[in-house]
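Written below as structure tokens is the structure these notes are about.
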Amino acid sequence: MIQPINTFSYNQIQMPTPQRNYAIFDKKKVDSFVTQREKALPYLNEILLHSYNEAQITETLYILDRMLENGTKGIDKMYPTLARFNNTQSPNIQTFLAGIYRKIQVPDAFGPLVKMLIQNSLNKTATAPFDPNEEIGGAILSYISNRFNTQA
């Protein structure tokens, strides 16, 4: 059975700061979803469809990223939901979204990754304790590399 997320628990999320360039999430919650694998995807999809809370979205993307690392299947089918964030200005969401796109290699995600990179390059006013363009650029290079490797 999928464990519901208590919305009050999002106070435990510590987003990146100038002193710490990474987020800290509730390990027990993350591990709970990761171990539920494919059974947890509908619940996580609903969170991403309806949430406007940056911390909640970032944590959910982190969970999906961990699930991909653990071999969970079907996350690529969530692209229509993930695409909701293709125009985000949040470096936190951009970073995790690019990492997921790098792993799922959905062809439709290539254009939004390029658009994100260009917009971030033009918008020098955005400040973050890390550079999301590193992950975005890495995802783009992964798409290109995989494209050339499949043609050989």
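In square angstrom, what is the accessible area per residue of the chain with a 1.4 angstrom probe?
Value for the chain: 56 Å² per residue.
Highest mean first, how do 109-118, 28-37, 91-100 rank when packing is the count of other Cβ atoms within 10 Å averaged over residues? Could the numbers behind the result be given before it?
On the way: 109-118: 17.4, 28-37: 15.6, 91-100: 23.9.
By packing density, highest mean first, the sequence is 91-100, 109-118, 28-37.
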Estimated vicinal HN-Hα couplings, Hz - segment 32-43 in sequence order (Karplus 6.51, -1.76, 1.60; Gly, Pro = x): 4, 5, 4, 6, 7, 6, 4, 5, 8, 4, x, 5
Placed amide H near S51: partners under 5 Å, 5+ positions off or other chain: none
Contact order relative to length of the chain, as percent, for alpha carbon pairs under 8 angstrom and 6 or more apart: 21 percent
Rounded percent of accessible protein surface that carbon and sulfur make up, segment 1-146, 1.4 Å probe: 57 percent
Cα-only radius of gyration and Dmax that characterise segment 20-66, units Å: 10.6, 33
³J(HN,Hα), Karplus 6.51/-1.76/1.60, whole Hz, each residue of segment 110-123, x for Gly, Pro: 4, x, x, 5, 4, 4, 4, 4, 5, 4, 5, 5, 7, 9
Calculated P(r) tail over 14 Å for segment 95-139, as whole % of Cα pairs: 44 percent
Size of segment 75-152 as Cα extents on the principal axes (Å, biggest first): 41, 25, 18
Alpha carbon convex hull of segment 25-94, projected area averaged over orientations, nm²: 4.3 nm²
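Rounded to a whole number of µm²/s, how large is the Stokes-Einstein D of segment 14-152 at 4 °C and 1.567 mPa s, given Rh as the Kirkwood radius over C-alpha pairs?
Answer from the Stokes-Einstein relation: 84 µm²/s.
The values are calculated or read from the model by the stated rules, or taken from the named source; none is laboratory data. What you see is a predicted model; the values in this text were computed from it and never measured. Cβ sites come from the backbone with ideal geometry, for glycine too, and all protein chains shown count toward neighbours. Protein only, heavy atoms only, side chains kept; ligands, DNA and RNA dropped before computing areas. Shrake-Rupley method; radii C 1.70, N 1.55, O 1.52, S 1.80 Å.
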